[in-house]
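For reference, the structure is listed below as structure tokens.
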Amino acid sequence: MEKRSILHMLDPTPNNSPFDVNMALDAGFDVLMPYSNVKLDSVNRLTQDAIFSRGPSGVKRTGIFIGGRDLALAMDMLDACHQAMVPPFEVSVFADPSGAFTTAAALVACVENELKEKHGKDLQGSQVLVFGGTGPVGIATGIIASLAGAGTILVDHLSVETATDVAKAYNRRFGCTLSGASASTETEKAQLIASADIIFCTAKAGVQVLSATVLKEATQLKVVGDVNAVPPLGIEGIKRNDLGAPLIHAINSKGAVAVGALAVGNVKYQLQHTMLKLMLETDQPLYLDFREAFNKARDIV
Amino acid sequence: MEKPFILHMLTTAKNLSPFDVNMAMDAGWVSALPYINVEPSEVQGLVQDAIFSRSTKNLKRTGIFIGGRDTKQAMDMLKTAKRSMVPPFEVSVFADPSGAFTTAAGMVAAVEHELITKFNTTLEGKTIIALGGTGPVGQAAAVISAQAGANVRIIGRQLEKAQHVADLCSNEFGDGKITITAGADADKAEYMQTADIVFATGAAGIELLSAELIALAPNLKVAADVNAVPPAGIAGVDAFHNGTPIEGSKSGAVGIGALAIGNVKYQAQNRLLKKMISSEKPVYLHFEHAFEVAREYIKSSQ
């Protein structure tokens, strides 16, 4: 009999996300095991315990998922898993803290697709702003956009120091070229968006970040994407199901279009499902983070 | 391929109860996942994570169980869970802290059965004293039987605490539609003079009611004891008693012990866990529903 597939779900927080639990079981894992309050220095031991108990055929039916809320910690844990492997005792590992990697990958892929279809352009050389840019989804969005060649600014709603520190830290780590800014007032937002081609809104749910008045100031805006599904939405005039619908309040940016939260959510859902299935189907162990997520999101879009 | 049945099991304690885990798996849930040390404030986030990752069709194959030890906290979490649903993204939720709701339901249904079969009467208008009644099982049993028309007094060692619990039961769990009174353990001899029914729901291994007090109770009909560890909570009622006459009772009272109650409890919990799976619409289950299915079970087993 074929061994049951097991997903070990490592989480630095007290509990796994029920979202990820549903996704993993629906993707076909037979058994899920939660490991909560996991510290980085326990990852090596947990990984080796997982790989040495099933034999070479069993490891193909075994995977590790890394959750939590902290993007940097999840990437450190992914690296620690990788280093702990002893080929051929090696299993696939997928990091998706807060679902941020798959959400960011889906968001950027949807926006990139609209940019190509509606404006004939790509991310290379575009000017990108990420509002809510210092949260997990914002940072991952920024890194993906930056690695795709866009001039990307992470915008924090309070502090330029926070934004700049985050940008520098991830530039060192992933070789991207993020910069930081802050905008709390309408005037500051208006100044920032005047020269933006693309705006990602990854701020807190239920908070409007860009009003119609501010959007009027954008002169070369092409595509906006918003992941906030809880009214009021992050960008005024956007609808949750928008996928390339005109952004009505951007009156000085000809042809600007919007991608709403449910359109992004739909791709994110398919993406996370695909990546979890990939862990079960692959012959070679995979280490999946936002980069692989973005490649797959592009395929889906 | 059909998606698996997933039960997300939330508890405020540091572990789930293996009892509940076994029960959930045996009722047909394929995967049961623990969420421990859950703060009531985290319930909304967990519920919404659970409902937004499956299609509405597969949400019928998804459920949430609320354990823990505190009755009020579990009821509050159940309410929060219900409020957090975003129809049509909605799943069934079942609260049974410490198994207290199904245990209480099993006990009250078993008592009611004895009243009907041995005394040709019902819970309506009966005087009940709940000894050791301030804990989760006592609270739920008091509310269920008061809702069935009985006059219930919760007895505790400290009158003040018993009064607080009685008020909580009347106002919070009974929506103010029932009135449960309180009494001190020191005065139980007096209360036994008018009691038709006694529940013993105290800590295991403590005798709450002596043979002398049983002998002196003129109206006593049924005495039920959830304690399975000797000495029995009620003198003369052992764990195996199931409508067995209590030796020395002048009023001809019968006893119901922990194993008879446990059997009905088991059936009630099993039925509610299955109801979550089979129900077309999401259901929110607590002690009232536990009592309904406990009665159904007793009826069907006759």
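The values are calculated or read from the model by the stated rules, or taken from the named source; none is laboratory data. Please read these numbers as outputs of a predicted model, since none were measured by experiment. Here the Cβ is made from the backbone with ideal geometry for all residues, glycine too, and neighbour counts use every protein chain on show.
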**Asked** If A:Ser126 satisfies every condition in (1) more than 25 Å from A:Gly149 (Cβ to Cβ); (2) in contact with a strand residue (DSSP E or B) (Cβ under 9 Å, 6 or more places away or on another chain); (3) of a type in the set (Ser, Thr, Tyr) but one, which is the exception?
**Response** (1)
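Name the helices (runs of 4 or more DSSP H) wholly within the range A:12-77 that hold at least 1 residues that are hydroxyl-bearing (Ser, Thr, Tyr)?
A:43-51, A:55-59
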**Message:** If a residue must be within 14 Å of A:Val264 (Cβ to Cβ) and of a type in the set (D, E, K, R), how many such residues does the range A:103-139 contain?
**Reply:** 2
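State which residue is surrounded by the most Cβ atoms within 10 Å (Cβ to Cβ) when the search covers only the range B:8-34 and only residues that are of a type outside the set (Gly, Ala, Ser) and touching a residue at least 60 places away in the same chain (Cβ under 8 Å).
B:Leu10
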**Asked** A:Thr162 versus (1) part of a loop (DSSP other than H, G, I, E, B); (2) surrounded by fewer than 19 Cβ atoms within 10 Å (Cβ to Cβ); (3) among the β-branched types (Val, Ile, Thr): which is the lone unmet condition?
**Response** (1)
**Prompt:** When the residues of the range A:204-233 are filtered to those that are at pLDDT 95 or above and small (Gly, Ala, Ser), which remaining residue is farthest from A:Ser184 (Cα to Cα)?
**Reply:** A:Gly225
**Prompt:** Could you say whether any residue in the range B:33-51 is within 12 Å of chain A (Cβ to nearest Cβ), in contact with a Phe, Trp or Tyr (Cβ under 9 Å, 6 or more places away or on another chain) and of a type in the set (Phe, Trp, Tyr)?
**Reply:** no
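Run down A:Val108, A:Val91 and say which single residue is buried (at least 22 other Cβ atoms within 10 Å of the Cβ), within 16 Å of the chain's Cα centre (by Cα) and more than 14 Å from chain B (Cβ to nearest Cβ).
Numbers: A:Val91 fails: within 16 Å of the chain's Cα centre (by Cα).
Unique residue meeting the criteria: A:Val108.
Suppose we filter A:Arg45, A:Arg54 for residues that are away from chain B (no Cβ under 11 Å) and surrounded by fewer than 16 Cβ atoms within 10 Å (Cβ to Cβ); which single one remains?
Numbers: A:Arg54 fails: surrounded by fewer than 16 Cβ atoms within 10 Å (Cβ to Cβ).
Of A:Arg45, A:Arg54, the one residue that is away from chain B (no Cβ under 11 Å) and surrounded by fewer than 16 Cβ atoms within 10 Å (Cβ to Cβ) is A:Arg45.
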**For B:Ser278: the one exception among (1) buried (at least 24 other Cβ atoms within 10 Å of the Cβ); (2) under 15 Å from B:Gly28 (Cα atoms)** = (1)
**Prompt:** Is there a residue in the range B:56-71 that is in the same structural domain as B:Phe287 (by TED's automatic domain parsing), at pLDDT below 95, of a type outside the set (Ser, Thr, Tyr) and on the phi > 0 side of the Ramachandran plot?
**Reply:** yes
